[in-house]
C-alpha cells in the first residue's frame with residue numbers, strides 16, 4: 001500500500017499544478033544515466049510532496065544541461081553535474097549565475113578507462129595504457145566510448161587523438177546510449193571476454209564486476225582542461241582527476257526558494273549507499289522511479305534528515 005501511495009505521488013511530477021505550488025514552478029534536469037535519473041526522481045518527489053513545488057523534469061545530459069544554463073538560465077536545478085566534464089560551470093559560478101548546492105556524491109566520483117581483472121591476471125601489461133596499445137588484440141581491439149552529450153565523450157575523443165589509437169590499431173566504438181555502454185561491459189565480463197573502455201563510479205556495473213583502472217599516467221590540469229573542449233588545438237595525455245559531482249542551481253532559484261535550496265543542499269549519497277541502490281535496480285530490473293520508491297521506503301532515516309519540519313508533516317501521510 002505504501003509503495004502504491006508513493007507511486008501515485010510520483011505521478012504528480014509530470015502534471016503541472018499537481019501539488020500546491022508553495023515554491024512555484026521548478027524545472028529539474030534528469031541526466032541520461034541511471035544514478036542521475038534516480039537522484040532526480042528522489043529530489044523531485046521531496047520537492048513536490050514535501051515543499052509544494054510544481055516540478056517539471058527535463059531530460060538532459062552534461063553538455064546539454066550546461067549549455068542550457070549558459071544560454072537560457074534553466075533548468076533551475078541540475079543534480080549530478082560532473083563539473084570536470086563541464087568546465088563552463090566554473091565561469092557561470094564566477095559570474096554569479098550558478099550556485100553549488102551540494103556534493104551529491106559525498107566522496108566524489110571516479111572516471112577511468114577500464115579492463116577486466118581476468119585480462120590483467122593473464123596479461124599484467126594491460127594494467128597500463130602503453131601495454132593496452134601495444135597489444136590491442138588482447139582487449140578486443142576496441143575502445144568503448146561515451147555516447148554523444150556526455151562530457152566524457154569530448155575528453156575521450158581528444159585522448160584518442162593524443163594516444164594515437166588509429167596508429168596503434170585501436171578501433172573506437174561510440175555507444176549510442178547510456179544503456180549499451182555498461183551492458184557491453186557486463187556482457188563481456190559474464191562471458192570472460194576482452195573489454196576496454198570508459199566508465200565512472202559509483203555505478204552498479206562497477207559494483208558487480210571487478211574491473212581494473214588502466215594507468216593512463218599522471219593528471220595534468222592544463223592538458224585535461226584543453227581535452228575537455230571540442231576545439232582543443234593540442235590534445236594531450238592526461239589521466240582523469242578525481243571528480244567533484246555536484247547538484248547546482250541557478251542563483252535566481254536559490255534566492256527565491258531558500259527553504260527548497262536548503263533541502264537540495266542536504267541531498268547527498270555515500271559511494272557504497274548509491275552503489276547498493278544501483279545494484280538493487282539492476283538486480284530487480286527496476287525503473288528509476290521504482291528505485292527511488294525503494295530508497296524512499298527503505299532509507300527513511302537518511303532522507304528525513306534532509307527535510308524540514310513542515311515537509312516532515314506533509315510526508316507523514318505517505319510514510320506511516
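Starting from 0 in steps of 5 Å, tell me what percent of the Cα-Cα pairs of region 149-270 lands in each bin.
2, 8, 15, 16, 17, 15, 11, 8, 5, 2, 1, 0
Among DSSP beta bridges lying fully in the chain, give the percent that are antiparallel, nearest 5.
Details: 18 of 33 bridges.
Of all bridge pairs located within the chain, approximately 55 percent are antiparallel.
Could the peptides 153-164, 134-145 be put in order, highest first, of the mean number of other beta-carbon atoms found within 10 Å of their residues? It would help to have the intermediate numbers written out before the result.
Working: 153-164: 19.7, 134-145: 18.1.
The peptides rank, most packed first, as 153-164, 134-145.
With a bin width of 10 angstrom, please list the P(r) values of region 65-138 as percents of all Cα-Cα pairs, from the 0 bin to the one holding the largest distance.
Calculated P(r), rounded to whole percents: 16, 33, 16, 20, 15, 0.
Is it possible to state the helix-based mean residue ellipticity at 222 nm for the chain, with each DSSP H run of 4+ residues giving -39500 (n - 2.57), the sum divided by total residues, to the nearest 500 deg cm²/dmol? What is it? Numbers along the way, then the final one.
Numbers: 16 runs with 137 residues, N = 320.
Roughly -12000 deg cm²/dmol at 222 nm, from the helical runs in the chain.
List the relative contact order of region 110-227 as a percent without decimals, with contacts defined as Cα pairs under 8 Å and 6+ residues apart. Intermediate values should be presented prior to the final figure.
On the way: 162 pairs, mean separation 52.4, N = 118.
It comes to 44 percent, rounded to a whole number.
At q = 0.09 Å⁻¹, what log₁₀ I(q)/I(0) does a Debye calculation on the Cα points of the chain give, no solvent, two decimals?
-0.48
So what is the relative contact order for the chain, in percent, with contacts set as C-alpha pairs under 8 Å and at least six apart? If you can, show how the numbers build up before the last one.
On the way: 577 pairs, mean separation 82.4, N = 320.
After rounding, I find 26 percent.
Could the peptides 201-209, 36-44 be put in order, highest first, of the mean number of other beta-carbon atoms found within 10 Å of their residues? Display every interim value, and only then the final one.
Working: 201-209: 20.4, 36-44: 25.9.
Per-residue mean Cβ counts within 10 Å order the peptides as 36-44, 201-209.
Can you work out D for region 54-186 in µm² s⁻¹ from Stokes-Einstein, where Rh is the Kirkwood radius over C-alpha pairs, the temperature is 4 °C and the viscosity is 1.567 mPa s? Can you show the working numbers first?
On the way: Rh = 17.1 Å.
Reported coefficient: 76 µm²/s.
Quick one: of the DSSP bridges fully inside region 110-227, what percent are antiparallel, nearest 5?
Working: 8 of 14 bridges.
For region 110-227, the DSSP antiparallel bridge percentage is about 55.
Throughout, read-outs are computed from the coordinates displayed, never taken from laboratory work. A quick note: this is a predicted structure, and the numbers were derived from the prediction, not measured. Neighbour counts are summed over all protein chains in view; Cβ atoms, including those assigned to glycine, are modelled from backbone coordinates with ideal geometry.
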